[in-house]
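Student: I have a structure I would like to understand better, so I am pasting it below and will then ask my questions one at a time.
Derivation of every value follows stated rules applied to the coordinates shown; laboratory data play no part. Given the structure is predicted, the values throughout are model-derived calculations rather than measurements.
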């Protein structure tokens with residue numbers, strides 16, 4: 001399963017990913033029109049600081065997702081096609097158990113609508129909007145093994161350059 005992976009060395013904390021996410025989940029799908037919507041669109045990932053560095057906090061799409069087990073209304077479930085963890089907003093009753101048990105803090109309460117929100121990998125689209133919006137390419141939508149291999153190649157290249 002492809003996931004949104006982060007290269008922390010490239011993230012500059014510009015929040016472009018948050019904006020792209022909010023626009024993607026707005027009614028209009030347009031930045032300027034979204035600002036006029038009666039309920040402002042919310043984003044499903046947040047840029048936070050971790051050890052003084054920016055970090056895009058997004059759903060890790062856990063294999064053994066505690067949010068699914070904690071959701072008593074059945075709103076949180078694994079999509080059979082993509083294997084991603086999704087929220088059925090029609091079933092969500094705002095019990096917030098998913099918010100409390102998420103080990104990454106990636107499920108957020110939308111108090112205005114009384115619903116839980118989390119990254120849905122821009123369900124229905126080929127790629128997550130946050131990945132395309134990242135100006136430094138800190139975010140990528142890949143298989144975790146592919147990301148690890150790419151990272152190891154980059155580190156090996158750095159090491160060989162430093163040795164010269």
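Student: Considering every pair of different Cα atoms, what Kirkwood radius, in Å, is found for the stretch 39-83? Each step should come with its number before you reach the end.
Tutor: Details: mean 1/r = 0.0766 Å⁻¹.
About 13.1 Å for the stretch 39-83.
Student: Assuming a ≥ b ≥ c are the square roots of the Cα gyration tensor eigenvalues, decide whether the stretch 6-67 counts as rounded (a/c under 1.5), prolate (otherwise, with a/b larger than b/c) or oblate.
Tutor: Since a/c reaches 1.5 but b/c is at least a/b, the shape of the stretch 6-67 is classed as oblate.
Student: So if each residue of separation counts as 0.36 nm, and I subtract the Cα-Cα distance between residue 51 and residue 126, what length gain in nm does that give?
Tutor: Working: separation 75, 0.36 × 75 = 27.00 nm, distance 3.27 nm.
Full extension of this stretch gives 23.7 nm more.
Student: Give me the percent relative contact order of the chain, please, defined on Cα pairs under 8 angstrom at least 6 residues apart.
Tutor: On the way: 255 pairs, mean separation 46.7, N = 164.
28 percent.
Student: Rounded to the nearest 500 deg cm²/dmol, what is the calculated helix-only ellipticity per residue at 222 nm for the chain, with -39500 (n - 2.57) per DSSP H run of length n ≥ 4?
Tutor: Helix contribution divided over all residues of the chain: -8000 deg cm²/dmol.
Student: Can you give the relative contact order of the stretch 61-118 as a percent, counting alpha carbon pairs under 8 Å and 6+ residues apart?
Tutor: Values: 86 pairs, mean separation 17.2, N = 58.
Once divided by the residue count of the stretch 61-118, the mean separation gives 30 percent.
Student: Could you give the distance between the Cα centres of the stretch 91-143 and the stretch 56-82, to the whole Å?
Tutor: The distance from the Cα centre of the stretch 91-143 to that of the stretch 56-82 comes to 10 Å.
Student: Compute the Cα gyration tensor for the stretch 1-122, then decide on rounded, prolate or oblate, letting a ≥ b ≥ c be the square roots of its eigenvalues: rounded whenever a/c is under 1.5, prolate when a/b is larger than b/c in the other cases, and oblate in all that remain.
Tutor: The shape class here is oblate.
Student: Can you work out D for the stretch 61-118 in µm² s⁻¹ from Stokes-Einstein, where Rh is the Kirkwood radius over C-alpha pairs, the temperature is 20 °C and the viscosity is 1.002 mPa s?
Tutor: Roughly 192 µm²/s, to the nearest whole number.
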